[in-house]
Amino acid sequence: MGAGDPFGMPVSHALASGMGGIRTAGDLVARMQLHRKMRLPEAKRYVADRLKVAQSDLSDEVAMRELREELDLGVVTSMVGGAKALAAKARIGRLLDVRVPSVEILKQKIGVS
Amino acid sequence: MTSYPTRMGDGHAVEMSTDELRCDILAGTEDAADRGRIPALSQEEQDYLLDLFSYPGKIVGVQPGNEVVLTDDGSVNALYGAQSSSGVGVPLSRELAIRVYERAFCMDTMEVGHPDYSFKPVKPIVSLEQQCLESVLSSTIIPIYYGAMPNLALYAKPDGPFGNPADLLPQGKISEARAAQEEAAQALTRDMVYVGRKMAEVGADGFNFDTTASAGDAEFMATLQAVEELAKTTELSIEVGMAAEFVLGMHGQVTYDGVRLAGLYPHEQLKLVEKAGAHLFGPVVNTNTRRSSAWNVSRAVTFVKACSEAASIPIHANVGIGVGGVPMCETPPTSMVTRASVAMVEIARVDGL
Amino acid sequence: MTENDILEAAKQAVVAADEEKAIEVARQAVALGLDPLRVINEGFTPGMRQVGDLFERGTMFLPEVIIASEAMVAAVAILEENLPAEQKEKQAGIAVLGTIEGDVHDIGKGIVATLMRVYGFKVHDLGRDVPLQRFVDEAKSSGAQLVGSSALMTTTMVGQKQLEKLLKEAGIREQVKTMVGGAVVTQYWADKIGADAYAENAQEAVAKALELVEG
């Protein structure tokens, strides 16, 4: 985005046009852009297919909150026992079939392939 | 005659009539088209902008389903206080700040960056930065970049060992100024590749070159060479964000892939960034503080649309203070930030911001 | 060659950054007995103005601007030899420029300094990270008509306001015109602190500087 006070800049953009991060499926779509150079329509299509939902559901807070909990991908609200941090990323990587570098390092350290 | 509250490029409030808004939207897109030698916005797109700026609501939003990915650069320091990032003085560590951005502000990605935010000062403390990144990566879910500015100026005297073009050029020492920039660029590339590899070692998802070419065409060349090397040798997802709408010709002759870098506009910069192997491109269009937000947004969207249409990689437009149609002031008005945001998504068809 | 042909050739020589051609045109103008001041003002100077426009649009680059300015300086030197004695020593003005203390950004201010020299100013460029008192001391000792300060950060732009105060305290604010610039600076800020001018870019800075010194 760019520089600016948190309310004026990231929060304003998040409200106006942001996907919603872990509140929805924003982080998953971002991963496809980052790791596979996918442009937005392709990235959304890919993630929707993997999640078996309509593309319009990807930024639906209610639909994605339920689905993230069901698939244990990490949710925005604090939830006892749910996948967090590296565990959530490992599950996201497997779901999307992408290598998450920090997860790969963890696997190496604990001897899991 | 009906008038609408809007803002100037410096953030100050002004009222404009429908005709004034329409004229500024036309003038803004024509200015971009003329400078960039790109198409102006269509009448339909100009009408869309007119609706956006005459919509009575304070804030606006994209059509549901059209939301885009947000990548963040430098904001990790904005909760505490970076001089140029409008910090708000909340004394949180970078690790905690990123978790706030992830969980409270719902960013799609975040970035670890040092408060100095240039690659040169990061090099001697790279292990500190690696550990901060490791800590963030082990406590977050969203993709995490490490980012900094190439900032070639730090390699010139008195901050670095090489001649300063700002001193040499006025003396007419053009070949010396060019040679100094070429030497400095090599040192910069080395440092950026070094830091990039270190961040790849600890599992960074991405690596962000922020405000690229701030010191001109030699800095852009150094960055493209670093991108090429890191793309070949690491798994890093690489983002290149620019500093200004055209590459300043401080050298004037440096090339990449046979293309002279000085004077390139966003859609031309993009092609070289793609060629170097980057995964994301962040075009910048500067805000003119004396023109209206309608003029600035129309102009910025024209440039970014041309860039987006030419792209094969995702385009994440810069829409921070003073760029992308956003007013140049520390507390950018939400009314204009959201309008710039929507225009970038609905007209320029960006993949993210 | 008519006078208009000479004026056009002078302009084109500068735009093409062609020093040899600029010298040749200047010599032709002298040989034809044209008014040297008119050739400077209506030939070479518009050429330099066009160079500035091209630079501002990103189609001409700083080294070329320097070469163009050298072409103009060489041609003007020939024409000046034929000026009346009282006009020979004329310079646009004396200016003190610098980036406010705490701010190490130098590039934009350096470009302004370069272009101002091109347009005939004697420029005392104090560099970056300049203590405010140095602006005042240099303005006093050089007899400057202009004091220009640059700030790229919101934390250093407040130094521009303090500089206005220091110039007043030193009793020289009425003798100098002040200009402010830099990425975070706006016309509103200039008005608010009482600076005489604000410029959005280097080319505009030169135009404003000329306006200020010409009154």
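Filter the stretch B:99-112 for residues that are open to solvent by less than 20 Å² (accessible area, probe 1.4 Å) and part of a loop (DSSP other than H, G, I, E, B) and give the result. Matches in the stretch B:99-112: B:C106, B:M107, B:D108, B:T109. Entry remark, the stretch B:236-271: residues being assigned to a helix (DSSP H, G or I) and open to solvent by 10 Å² or more (accessible area, probe 1.4 Å) number 3 in total. Just to verify a result, which residue in the stretch A:1-37, among those that are in contact (Cβ under 8 Å) with a residue 60 or more places away in the chain and basic (K, R), is surrounded by the most Cβ atoms within 10 Å (Cβ to Cβ)? Among them, the one singled out is A:R31. Go through the residues of the stretch A:97-104 one by one and say whether even a single one is more than 9 Å from chain B (Cβ to nearest Cβ) and open to solvent by 20 Å² or more (accessible area, probe 1.4 Å). Scanning the stretch A:97-104, I find at least one residue that is more than 9 Å from chain B (Cβ to nearest Cβ) and open to solvent by 20 Å² or more (accessible area, probe 1.4 Å), so the answer is yes. Picking from residues in the stretch B:155-169 that are open to solvent by less than 40 Å² (accessible area, probe 1.4 Å) and assigned to a helix (DSSP H, G or I), the one that is farthest from C:P63 (Cα to Cα) is B:Y155.
Table: residues versus (1) open to solvent by less than 20 Å² (accessible area, probe 1.4 Å); (2) modelled with pLDDT of 95 or more; (3) more than 14 Å from chain C (Cβ to nearest Cβ).
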{"residue": "B:F119", "(1), (2), (3)": "yes, yes, yes"}
{"residue": "B:I125", "(1), (2), (3)": "no, yes, yes"}
{"residue": "B:L128", "(1), (2), (3)": "no, yes, yes"}
{"residue": "B:I174", "(1), (2), (3)": "yes, no, no"}
{"residue": "B:R178", "(1), (2), (3)": "no, yes, no"}
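Taking the stretch B:232-268 as the range and being polar (S, T, N, Q) and away from chain C (no Cβ under 11 Å) as the test, the residues that pass are B:T233, B:T234, B:S237, B:T255.
Answer yes or no as to whether C:V176 is in contact with a strand residue (DSSP E or B) (Cβ under 6 Å, 6 or more places away or on another chain) and over 30 Å from B:M250 (Cα atoms). So C:V176 fits the description; yes.
Taken over the stretch B:200-242, the residue count meeting the criterion of being modelled with pLDDT under 95 and aliphatic (A, V, I, L, M) is 1. Only one residue in A:A48, A:A25, A:A14 is farther than 17 Å from A:R94 by Cα and either touching a strand residue (DSSP E or B) at 6+ places or on another chain (Cβ under 6 Å) or among the small types (G, A, S) (or both), so which one is that? Criteria check complete, one pass: A:A14.
Answer yes or no as to whether B:L96 is open to solvent by 50 Å² or more (accessible area, probe 1.4 Å), more than 17 Å from B:N318 (Cα to Cα) and without any contact (Cβ under 8 Å) to a residue 40 or more places away in the chain. Answer is yes for this residue. Taking the stretch B:309-346 as the range and being touching a Lys or Arg at 6+ places or on another chain (Cβ under 6 Å) and open to solvent by 10 Å² or more (accessible area, probe 1.4 Å) as the test, the residues that pass are B:P333, B:S335.
Here C:D53 qualifies as assigned by TED's automatic domain parsing to the domain that holds C:S69, open to solvent by 10 Å² or more (accessible area, probe 1.4 Å) and under 20 Å from the mean Cα position of the chain (by Cα). For the stretch B:36-55, enumerate the residues that are acidic (D, E) and open to solvent by less than 40 Å² (accessible area, probe 1.4 Å). Selection gives B:E45 alone. Looking at B:R178, is it closer than 30 Å to C:A17 by Cα, part of a helix (DSSP H, G or I) and touching a residue at least 24 places away in the same chain (Cβ under 8 Å)? So B:R178 fits the description; yes.
Let's see how each residue does on (1) more than 14 Å from chain B (Cβ to nearest Cβ); (2) surrounded by 17 or more Cβ atoms within 10 Å (Cβ to Cβ); (3) among the hydroxyl-bearing types (S, T, Y):
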| position | (1), (2), (3) |
| --- | --- |
| C:K122 | no, no, no |
| C:F135 | yes, yes, no |
| C:S149 | yes, yes, yes |
| C:G159 | no, yes, no |
| C:K165 | yes, no, no |
| C:K168 | yes, no, no |
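Checking each residue in the stretch A:1-37 for being more than 7 Å from chain B (Cβ to nearest Cβ), more than 21 Å from B:T140 (Cα to Cα) and in a loop (DSSP other than H, G, I, E, B) picks out no residue at all.
Answer yes or no as to whether B:G81 is without any contact (Cβ under 8 Å) to a residue 12 or more places away in the chain, of a type in the set (G, A, S) and touching a Gly at 6+ places or on another chain (Cβ under 7 Å). Yes, satisfied.
Within the stretch B:295-336, being over 24 Å from A:A43 (Cβ atoms), in a helix (DSSP H, G or I) and of a type outside the set (K, R) holds for B:W295, B:N296, B:V297, B:S298, B:T302, B:T334, B:S335, B:M336. Look at C:P84 and say whether it is open to solvent by less than 70 Å² (accessible area, probe 1.4 Å), under 30 Å from C:A197 (Cα atoms) and modelled with pLDDT under 90. Criteria not met by C:P84.
Scanning the stretch B:75-89 for residues that are facing chain A (nearest Cβ under 9 Å) and hydrophobic (A, V, I, L, M, F, W, C) returns B:A78, B:L79, B:A82, B:V88. Say whether the condition of being in contact (Cβ under 8 Å) with a residue 60 or more places away in the chain, part of a helix (DSSP H, G or I), within 14 Å of chain B (Cβ to nearest Cβ) and not β-branched (V, I, T) is met by at least one residue in the stretch C:65-83. No. Scanning the stretch C:107-117 for residues that are open to solvent by 20 Å² or more (accessible area, probe 1.4 Å) and hydrophobic (A, V, I, L, M, F, W, C) turns up C:I107, C:V112. Using the structure shown, decide if B:P115 is within 19 Å of the chain's Cα centre (by Cα) and either open to solvent by 50 Å² or more (accessible area, probe 1.4 Å) or charged (D, E, K, R) (or both). Criteria met by B:P115. Among the residues making up the stretch B:1-35, those that are part of a strand (DSSP E or B) and open to solvent by less than 30 Å² (accessible area, probe 1.4 Å) are B:T6, B:M16, B:S17.
Filter the stretch C:2-29 for residues that are touching a Leu at 6+ places or on another chain (Cβ under 7 Å) and of a type in the set (A, V, I, L, M) and give the result. Correct list: C:I6, C:A26, C:A29.
A single entry from C:V206, C:V180 fulfils the requirement of being more than 13 Å from every other protein chain (Cβ to nearest Cβ) and within 25 Å of C:R49 (Cβ to Cβ): C:V206.
Any residue that is modelled with pLDDT under 95, open to solvent by 20 Å² or more (accessible area, probe 1.4 Å) and over 29 Å from B:A317 (Cα atoms) - is there at least one of those in the stretch A:53-69? Checked the stretch A:53-69: no residue is modelled with pLDDT under 95, open to solvent by 20 Å² or more (accessible area, probe 1.4 Å) and over 29 Å from B:A317 (Cα atoms). Report whether or not C:L32 is without any contact (Cβ under 8 Å) to a residue 40 or more places away in the chain and open to solvent by 60 Å² or more (accessible area, probe 1.4 Å). The answer is yes for C:L32.
The values are calculated or read from the model by the stated rules, or taken from the named source; none is laboratory data. Computed from a predicted structure; not experimentally measured. No Cβ is skipped: glycine too gets one built from the backbone with ideal geometry, and neighbour counts run over all protein chains shown. Surface areas here come from the heavy atoms of the whole protein model, side chains and all, with no ligands, DNA or RNA. Shrake-Rupley method; radii C 1.70, N 1.55, O 1.52, S 1.80 Å.
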